[in-house]
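Every read-out reported here was derived from the displayed coordinates using simple, explicitly stated rules and does not represent laboratory data. Worth saying up front: this structure is predicted, and the values here are computed from it rather than measured. As a convention, Cβ positions derive from the backbone with ideal geometry for all residues, glycine included, and neighbour counts pool all protein chains shown.
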Amino acid sequence: MCTAALVLLSVLAQISPPGADPRAKAHAQGLLTEGSALYERGDYAGALEMFNAAYAAYPSPKLLFNIGQTDRDLSRPVEALEAFQKFLASATDASPETIADALKSVAELQEELGQIRIDCETAGAEVSIDGKSVGLTPLPSPIWVTPGRHHVTARLANADVALEDADVSAGSVQTVILRLRPLAIPMAAEALPKPEAFPTPEAAPQSKAAPVPEATPPPPVGLDLRASPAPNAGRNSGWWLGRRWTWVAAGSTVLLAAGAITAGLVMQSKFDSSDKSCGSRSINRLGCPESDIAAVRSREITANVFWGLAGAAAVTTGALFYVEGRRISVSPLAGETTGIIATVRY
């Protein structure tokens with residue numbers, strides 16, 4: 001039946017469509033004859049190539065019958081069904097026998113295949129089945145596919161790809177629902193609403209009767225103890241932040257106090273050593289040499305100096321802690337500070 005049908009359609013229609021190129025028809029006829037010879041020898045792949053080339057050169061509907069029959073012999077049922085359906089829709093001048101053969105082939109192929117109905121509420125999305133594009137949504141009719149599992153995708157600009165799997169059996173219609181969600185695109189800076197600009201003093205209208213403000217006297221000269229605000233000063237909040245000189249003074253207090261303690265311990269050690277060497281304790285310590293007494297007193301003076309400096313640093317720390325971060329006017333101040341005095345009597 002197949003070979004007879006091909007022989008029957010081995011000659012193109014004698015009546016050419018309007019505007020057809022006679023040379024293209026002759027070229028297509030030569031390709032059709034070569035394809036028919038390859039088909040009779042069992043070279044279906046070569047025959048299909050010739051038939052497709054002939055249809056591209058001269059799109060005669062009768063060539064679709066040969067293409068459909070060859071696709072079917074190559075186990076390409078979906079492509080064969082498509083070719084036969086196009087043939088039946090366009091080859092109105094074909095013989096009744098050929099049309100009957102095409103209808104029979106369509107019925108047999110439809111029993112072997114299944115269908116996928118695409119349900120997508122977004123119009124204009126490109127639908128693909130197993131990587132092959134089948135059209136844009138909304139698709140007018142279900143898509144014929146071979147039995148088995150198929151991957152169905154829908155793509156649209158500025159939207160996520162929708163992907164679903166469909167298990168199709170012969171003679172069934174499987175509905176696949178595809179939902180496309182728009183991508184979250186950040187708004188461009190130019191698209192953001194701009195805040196309304198407040199009128200500048202120069203642009204603001206002024207009344208003619210408005211009095212001219214008198215010049216205010218300059219503020220008193222003072223010493224600004226505040227540190228220059230940093231760009232992220234709002235995040236540097238807290239009593240322990242922004243007081244650089246307070247921490248310098250506090251550190252100096254600790255170091256000077258440590259020095260005073262060290263000098264006092266050394267003085268005490270020297271005093272204990274002299275006390276043991278001079279005998280029993282007495283008011284004048286007549287038995288101690290002058291060098292030992294001078295050494296003890298020098299250490300006493302050193303300890304007192306360190307304690308005095310530590311006390312001054314402590315007072316400075318408290319003053320800086322109070323005034324640092326504020327704008328104040330500095331006036332001459334007088335006073336004295338007394339620290340802890342280390343004393344020893346001989």
* For the range 114-178, list log₁₀ I(q)/I(0) at each q in 0.14, 0.18 Å⁻¹, using the Debye formula over Cα point scatterers of equal strength and ignoring solvent, two decimals each. => -0.34, -0.56
* Label point distance in nm, residue 123-residue 272, each placed 7 Å from Cα along Cα→Cβ -> 10.2
* With each label point set 7 Å from Cα along the Cα-Cβ vector, what nm distance links residue 265 and residue 170? -> 10.1
* Asked: Extension gain residue 41-residue 305, at 0.36 nm per residue separation less the Cα-Cα distance, in nm?
  -> 83.0 nm
* To do: For the range 22-172, build the convex hull from the C-alpha positions and give me its volume per residue in Å³.
  => 135
* In whole angstrom, and with the biggest value first, how far do the Cα coordinates of the range 82-143 range along each principal axis? -> 43, 25, 18
* To do: Rank these for me by crowding, 90, 277, going from fewest to most other beta carbons within 10 Å.
  => 277, 90
* Which value in nm describes the separation of the simple spin-label points at residue 111 and residue 258, placed 7 Å from the Cα toward the beta carbon? -> 10.2
* Structure fact -> Sequence order, the range 149-157: Karplus ³J(HN,Hα) from phi using 6.51 cos²θ - 1.76 cosθ + 1.60, θ = phi - 60°, Hz rounded, Gly and Pro as x, gives 8, 9, 9, 10, 10, 10, 10, 8, 4
